[in-house]
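Each remark here refers to the structure printed beneath this line.
The values are calculated or read from the model by the stated rules, or taken from the named source; none is laboratory data. Nothing here was measured: the structure is a model prediction, and the numbers come from that model. Please note: Cβ atoms are built from the backbone with ideal geometry, for glycine as well, and neighbour counts cover all protein chains shown. Please note that ligands, DNA and RNA were not included when accessible areas were found on the heavy atoms of the full protein model with its side chains. Shrake-Rupley method; radii C 1.70, N 1.55, O 1.52, S 1.80 Å.
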Amino acid sequence: MNYLLFIWADGMPAPEELAVMQRELPGWHEEFKRRGVQLFGRELDLPETAATVRVRDGETLLTDGPFAETKEFVAGFNLLECADLDEAIEVAAKCPISQFQPLEIRPFSDGLRLSEQVSAFAHEDDSAGTPYLLTLWIGGTPAAPIDDQAAIDAGQVWRQDLVERGLHVLGSALGGRDAATTVRVRDGQTLLSDGPFTKIEAFIAGIEVVSCADRQQAIQLAATHPIARDHAIEVRPFYRE
């Protein structure tokens with residue numbers, strides 16, 4: 001089963017924390033690569049590079065910055081292929097990042113769609129286009145539910161169109177907030193919390209990674225997603241050295 005491991009942060013890590021993560025992350029990656037658990041992951045650019053897209057009455061409304069007005073933000077993610085939630089928790093708890101920052105585990109509700117561009121994305125080869133994360137935020141308004149079958153079907157049509165145009169990298173809907181588990185490790189003890197890390201009303205209902213010529217195209221793609229008509233989509237690039 002595929003799981004998404006969100007890495008949450010409330011700022012840049014302290015130098016000593018960064019040193020531990022840089023020292024221990026390669027071993028963590030190697031261990032779970034041998035076990036066939038971890039697919040890959042990428043780091044996101046800082047939240048100030050984000051834009052939030054809404055479509056109301058046919059008009060695209062654009063706001064600079066992330067959707068959630070909190071000090072915490074998603075710093076990146078890893079994709080996992082695990083037997084069950086217990087194994088996903090083990091992977092998260094062994095990740096050195098969990099010693100300093102919370103990790104949120106979310107299952108994909110209807111499977112993970114990986115397109116042909118995913119190999120280049122995993123190896124941080126962005127020569128064919130710049131990857132952007134489209135984060136689907138639900139809640140805060142009396143809008144259409146994410147599990148409405150018409151909304152699900154419309155999202156699949158949107159995704160397939162991008163696949164045919166060579167713009168889709170990966171993505172799918174996530175399990176609801178009740179399916180989330182937040183993992184922290186403090187003083188060697190694994191601490192688990194049910195639900196998403198952020199305690200705000202809205203929550204992330206799905207992700208899509210798209211490969212675009214530029215930021216404007218990524219925003220245009222977000223505006224055509226059916227979720228943007230009732231909710232909001234945050235558009236953010238991945239970190240590039």
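Would you check which residues across region 92-121 are more than 28 Å from Ile152 (Cα to Cα) and touching a helix residue (DSSP H, G or I) at 6+ places or on another chain (Cβ under 9 Å) and list them?
Of everything in region 92-121, those that are more than 28 Å from Ile152 (Cα to Cα) and touching a helix residue (DSSP H, G or I) at 6+ places or on another chain (Cβ under 9 Å) turn out to be Ala92, Lys94, Cys95, Pro96, Ile97, Ser98, Gln99, Phe100, Gln101.
Hey, among the residues in region 19-69 that are among the polar types (S, T, N, Q) and closer than 25 Å to Val118 by Cβ, which one's most open to solvent (accessible area, probe 1.4 Å)?
In the first step, residues of region 19-69 are kept if they are among the polar types (S, T, N, Q); the result is 22, 38, 49, 52, 60, 63.
With closer than 25 Å to Val118 by Cβ added as a condition, the list becomes 38, 49.
Values: Gln38: 25, Thr49: 43 Å².
Out of the qualifying residues, it is Thr49.
Quick check: anything in region 74-86 touching a Phe, Trp or Tyr at 6+ places or on another chain (Cβ under 7 Å), in contact (Cβ under 8 Å) with a residue 60 or more places away in the chain, of a type outside the set (Val, Ile, Thr) and open to solvent by 40 Å² or more (accessible area, probe 1.4 Å)?
no
Please specify each residue of region 203-216 satisfying the condition of being touching a Gly at 6+ places or on another chain (Cβ under 9 Å) and either part of a helix (DSSP H, G or I) or open to solvent by less than 10 Å² (accessible area, probe 1.4 Å) (or both).
If the condition is that a residue be touching a Gly at 6+ places or on another chain (Cβ under 9 Å) and either part of a helix (DSSP H, G or I) or open to solvent by less than 10 Å² (accessible area, probe 1.4 Å) (or both), then Ala205, Gly206, Ile207, Glu208, Val209, Val210, Cys212 are the ones that fit.
Failed condition for Ile207, given (1) more than 13 Å from the chain's Cα centre (by Cα); (2) within 19 Å of Val91 (Cβ to Cβ); (3) not polar (S, T, N, Q), with all others met?
Unmet condition: (1).
When residues of region 119-135 are filtered for being in a helix (DSSP H, G or I) and surrounded by 19 or more Cβ atoms within 10 Å (Cβ to Cβ), how many remain?
Count: 1.
With the checklist (1) in contact with a helix residue (DSSP H, G or I) (Cβ under 9 Å, 6 or more places away or on another chain); (2) open to solvent by 70 Å² or more (accessible area, probe 1.4 Å); (3) over 27 Å from Val91 (Cα atoms); (4) not β-branched (Val, Ile, Thr) in hand, flag the one item Asp194 doesn't pass.
Going through the list (1) in contact with a helix residue (DSSP H, G or I) (Cβ under 9 Å, 6 or more places away or on another chain); (2) open to solvent by 70 Å² or more (accessible area, probe 1.4 Å); (3) over 27 Å from Val91 (Cα atoms); (4) not β-branched (Val, Ile, Thr), Asp194 breaks only (3).
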